[in-house]
Each structure stands twice: as structure tokens, then as C-alpha cells.
Amino acid sequence: MDIKKTELFTFKDILKQENYVICDSSVFSPSGPNWYWEGVYEAKNFAEIDSEYVKGEAEHLKYFTEFLANQNVYVVPGVCLELQRVRETVADKIKYLKMETKKYSKWGHHKGENKINLLQEVHDMFHESCMEAKRVSFLPKQRQEYNNLERIVMNVTEQTGAKIDFDEIYIQRTKPKKIEDLHTDEQTVTVALYLSVIENRKGCILTNDSDIGRILPNTLSYFFIPGIANLIIFSV
């Protein structure tokens, strides 16, 4: 893998030329959890929600779900859990804002009710994308070989400090709690190595996550492999 080589490809190009594509939820949501931080988190009522951020995330989720419907597109189990976490976060926010709306409705305040449906739509789309992600979640045929690779990737990631920009996707409305690392990045690299080395299939990782761009080369260095000809990272 020549990490210095830069070429531009469309999603259609990638799907056409690769035998498999492993993607994560960052592909169609380049702002990551910022849409929630910037557009929803601070809102004390529906009127304070920034609808542009919410509409943008709805559009990203639509494209992501449609992309997962393509043949030979996979995700790792951690992606499903990430989507579920965000869906639960949005559900908690909707519940809180509805309680606030009910509280102030006694005094005739009804601002922002038109944004309830918008936020509910995003919640439902997270559920839909989660279901689609579960459908294409990768399951290795040779479990022992996969487990061995995963242990190596996990150890290399920890020893080299490759994860330096890990985003905590689950955001609580009140005091944040310690979030369990789902190790989605490590799983993604493990699946890519498994398909390339164990099943000898040509494919790629499609991501907007810079951690993966460090984890994979570090793991290849552990194996003293300068690169794998049939494995590519496409950054979006």
C-alpha cells in the first residue's frame, strides 16, 4: 500500500473496481457527531434546534443506508452499535424536549413543534440504517483466524497509540459518562486484513476516520509487510 499515492474516485468507481468494500458511518457524515453538538445538544426546546444541521444528517443517513444496499459492501459490528447509541441519544433528547414543551404549553408557548417531526425523522433513519448495517455486518467463516488477527490489531493499536482522535459518539444531555470503546476502527482493519490475507480478495476500506489510516500501516509494519497489493484505503 502506497499511502503517499493520491487519486480521486467516485463511489461508483470504487464499487465497480473492488471485490469488497468495508465502510463505516463516517463516510456520509463528515461532520461526525458535530451535527448533534452544534444543532441539537444545547436546545432547551424544539424552537432552538438548528434545523439545517438536522436536515444535513438526515441526508447523510439516507445516502449511507442506500450505499449499504450495494453488493459486497460490509460493515463491522461496532458500526451497528454506534448507530444504535446515537439513535438512543436522539430518542432521549426528543423525550426531554417533549416534556419541556408540555410544561410550558400551560402558558401558551408552542414554538418549534414543527421541528419535532424533523428530529423524529432522523431518529427513525438511524434505526433504519442500523437495521441495514446489521444485515451487512461481516461474519468471518474462519473464526479462529479472525480472532488471531483481531488480537494482533488490538495490541498494535494500543502499543503504537494509533487511536489519537477517537470520537465519543454517544452524547448525554446531562453529565457525560465514560463511554465503552467499541473498537470499530480495529474491527474494520481486522476484517480488511482477513479478507485480503485469508480469503485473498481484492478490496478496500472506505472511511473518513484518520485513525484507520494509522492502524493499518502500523499493523502491516508489525508483520514486516511493506504493503498488501489487494488492499486500499479510500479516504472521503
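What follows draws every value from the coordinates through simple rules; no lab data is involved. On a predicted model such as this, the values are computed, not experimentally measured, just so you know.
General observations
- Around the amide H of Leu206, modelled in the peptide plane, lie the amide H atoms of Ile22, Cys23, Asp24, Phe234, all under 5 Å away and 5 or more residues distant in sequence or on another chain.
- Computed from backbone phi, the HN-Hα couplings of segment 183-190 come to 6, 4, 5, 5, 4, 4, 5, 4 Hz, rounded to whole numbers (Karplus: 6.51 cos²θ - 1.76 cosθ + 1.60, θ = phi - 60°; Gly and Pro given as x).
- Counting only residues at least eight positions apart within a chain, or on another chain, the aspartates and glutamates with an alpha carbon under 18 Å from that of Lys93 are Glu38, Glu42, Glu48, Asp50, Glu52, Glu57, Glu82, Glu113, Glu121, Asp124, Glu168.
- Computed 3J(HN,Hα) for segment 204-216, one whole-Hz value per residue from the Karplus formula 6.51 cos²θ - 1.76 cosθ + 1.60 where θ = phi - 60°, is 8, 10, 10, 7, 10, 9, 5, 4, 4, x, 9, 5, 5, glycine and proline marked x.
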